[in-house]
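Scroll down for the structure; my scribbles are underneath it.
The values are calculated or read from the model by the stated rules, or taken from the named source; none is laboratory data. Quick caveat: nothing in here was measured; it's all calculated off a predicted structure. Here the Cβ is made from the backbone with ideal geometry for all residues, glycine too, and neighbour counts use every protein chain on show.
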Amino acid sequence: MRARKAVCLALVIACWNPTASFADCARESATLADEQSELPRFDVASPADRPPYCITLETLMAFAARVKAHVARCPSSNYASALADWDKMQTAYARLFNRYRCKRTR
């Protein structure tokens, strides 16, 4: 019984690597920052240009969902402070997406 506990403890210690998870969070945060800089600008989108407008909304909603998932995995991320804003934007963009009867591109 004691040997089994020792093996289980050794496996837990071997699998748990806080440095790796921190590196993953930092890498993911950097990726999000790069992608955020390339997001389409909503202020130049027009509902009259329906397909590009809908694609812009969908892109922004997807990015907001990625930020939310990232902060859930990495609560100390620099995106944690902006999560509330991204949640509000995602909700607002989803309303517009439905109002203009946009279709998912996936």
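Figures for the structure shown
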item	result
Subset of the range 48-81 (residues that are surrounded by fewer than 18 Cβ atoms within 10 Å (Cβ to Cβ), among the small types (Gly, Ala, Ser) and under 24 Å from ALA26 (Cα atoms))	ALA62, ALA65, ALA69, ALA72, SER76, ALA80, SER81
ALA45 being over 30 Å from ALA23 (Cα atoms), of a type in the set (Gly, Ala, Ser) and either surrounded by 17 or more Cβ atoms within 10 Å (Cβ to Cβ) or touching a strand residue (DSSP E or B) at 6+ places or on another chain (Cβ under 6 Å) (or both)	yes
Whichever residue in the range 39-67 is among the aliphatic types (A, V, I, L, M) and in a loop (DSSP other than H, G, I, E, B) and, among such residues, is modelled with the highest pLDDT	LEU39
Any hit, the range 82-104, residues being out of contact with any helix residue (DSSP H, G or I) (no Cβ under 8 Å at 6 or more places or on another chain), closer than 25 Å to ARG27 by Cβ and among the charged types (D, E, K, R)	yes
Subset tally (residues that are of a type in the set (Gly, Ala, Ser) and assigned to a loop (DSSP other than H, G, I, E, B)) for the range 68-106	2
